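Let me begin by presenting the structure, written as structure tokens, before commenting on it.
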Amino acid sequence: MKLLAFSICFCITTIAFGQRPPIPDLPAIIPEEVGFSQDSLNALDDFISGFEQNDFTGMVVIRDHKIVIEYFYTNNWRTDINDVRSVGKSITSLLLGVAMEDGIVSNLDQDVYSFFSKEKYPMLHEDYKNVKIRDLLNMASGLDADSDRWETPGNAGQWMGKDEWLTYLLGISQPNEPGKNWVYADINAALIGAIIEEKTGMSLRDYADEKVFKPLGITKYFWYTNPANQTVAAGTLFLSTLDLAKIGVLVANEGKWADQQIIPQDYIELLIDSKGISDPANASIWDSYSMFWYRTKTISNGREIDYLWASGNGGNQLIVIPEENMVISLTATAYGYRYGHRRTRAVLRKLFDAFE
């Protein structure tokens with residue numbers, strides 16, 4: 001059963017706000033006012049409450065900078081944080097946009113080699129001259145890394161447990177041509193994070209805190225950072241369902257939070273419009289992938305909905321529908337179980353059906 005819902009009636013909303021103060025810049029709105037069917041939402045709530053597994057934690061919908069739905073389950077609450085796993089990659093992509101605005105990165109066609117000194121990192125592989133930032137963002141770097149193949153040198157299992165991993169990562173070779181094939185690997189996001197850390201002297205966690213989290217009012221979070229002050233840019237980020245949705249608002253709102261431009265507008269436009277790369281093996285789930293975000297479309301109530309989304313193990317998804325200025329945050333802790341994402345997709349379908 002949901003613990004907090006803005007969608008039942010105004011009096012319930014008032015009671016909920018009596019327990020929890022309103023969010024600055026995110027007023028609540030009745031779902032019917034933005035096209036949602038309350039009966040369908042009630043049915044969706046019953047559907048979620050009936051899950052056999054006790055690991056679906058929350059659902060937040062924001063449209064036009066207003067909270068439409070805020071449901072929590074499994075004894076979770078507005079301020080509770082969970083590991084959103086690889087959604088962290090998509091947030092790392094947004095931080096890259098900030099880094100470009102700060103002059104740390106000039107363009108997406110810069111090669112990785114140019115950001116590091118051979119004198120400081122003698123193991124820096126010459127192959128990194130052929131790896132562009134764009135290739136990393138598209139999971140098409142050609143590096144010897146594959147999340148589904150533990151034996152590859154760049155697999156996260158080979159380096160993420162180290163107290164300092166950049167030295168190891170910079171020695172990974174590139175046996176395959178970049179820009180051609182989509183191969184999911186954590187090393188791609190890790191290198192984006194490493195570039196930002198190398199050029200700012202800050203951990204990616206601290207950079208995110210200063211540039212994005214604080215402006216959005218995100219104060220309760222955890223992002224694993226090793227003893228060498230290197231953050232796992234590929235994941236291990238703990239956020240609340242609501243705070244995750246706030247980050248989606250930045251994408252839906254062209255990089256702005258209220259009147260403050262957090263991420264450059266042209267970077268967000270590039271992110272939304274980028275065609276990316278496809279993968280036949282995943283064609284039934286997503287159409288293309290670029291800049292650490294998936295893209296797809298669906299038909300609901302006779303209309304086509306185009307959206308992009310961030311995805312993390314366990315059923316965590318952040319969905320952005322730019323044309324509707326709408327964000328959907330779905331969180332769960334079904335880590336390592338295939339049903340996690342299947343269940344989240346089922347929730348999303350029913351949520352789309354409730355949008356009339």
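Read the figures in this text as sums done on the coordinates, not as results from a lab. This is a predicted model, so every value here is computed, not measured. Cβ coordinates were reconstructed from backbone atoms using ideal geometry, including for glycine residues, and neighbour counts include every protein chain displayed.
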Of the DSSP H helices in the chain, those whose Cα atoms cover at least 15 Å axially and whose Kyte score averages 0.0 or more: 87-101, 186-200, 241-252
Cα-centre dipole for the stretch 72-231 with unit charges at Cβ (Lys and Arg positive, Asp and Glu negative), debye to 20: 380 debye
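Counting other beta carbons within 10 Å of each Cβ, put S311, S117, S274 in order, fewest first.
By the 10 Å Cβ count, ascending: S117, S274, S311.
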For the chain, built as a Gaussian network whose Cα springs stay under 10 Å, the top-fluctuating residue of L270, L136, L169: L270
Shape of the stretch 87-205, Cα gyration tensor, a/c cut at 1.5: rounded
Contact order relative to length of the chain, as percent, for alpha carbon pairs under 8 angstrom and 6 or more apart: 21 percent
Top of G88, G255, G157 by mean-square fluctuation, Gaussian network on the chain, Cα under 10 Å: G157
Distance between modelled label sites at Y224 and S117, nm, 7 Å Cα→Cβ extension: 3.0 nm
Value of relative contact order over the stretch 87-205, rounded to a whole percent, pairs C-alpha under 8 Å and six or more apart: 29 percent
Spin-label model distance (nm) - R349 vs Q38, 7 Å beyond Cα toward Cβ: 2.8 nm
Assigned charges on the beta-carbon of Lys, Arg, Asp, Glu; the stretch 92-171 dipole about Cα centre (debye): 80 debye
Extreme residue, positive dipole direction of the stretch 87-205, given options I172, S114, G157 (C-beta unit charges): S114
Residue of D266, D45, D186 that the Gaussian network model of the chain assigns the largest fluctuation, springs spanning Cα pairs under 10 Å: D266
The stretch 219-235-the stretch 77-138 distance, computed between alpha-carbon centres (Å): 14 Å
Assigned charges on the beta-carbon of Lys, Arg, Asp, Glu; the chain dipole about Cα centre (debye): 480 debye
Of K132/K180; K120/K214; K66/K214; K256/K297; K220/K297; K132/K199, those spanning more than 21 Å from alpha-carbon to alpha-carbon: K120/K214; K256/K297; K220/K297
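Cβ under 13 Å from G315's Cβ, G315 left aside: what net charge do those residues give with Lys, Arg +1 and Asp, Glu -1?
+3
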Selection from I247, Y224, L270, by position along the positive dipole direction of the stretch 221-285 (Cβ): Y224
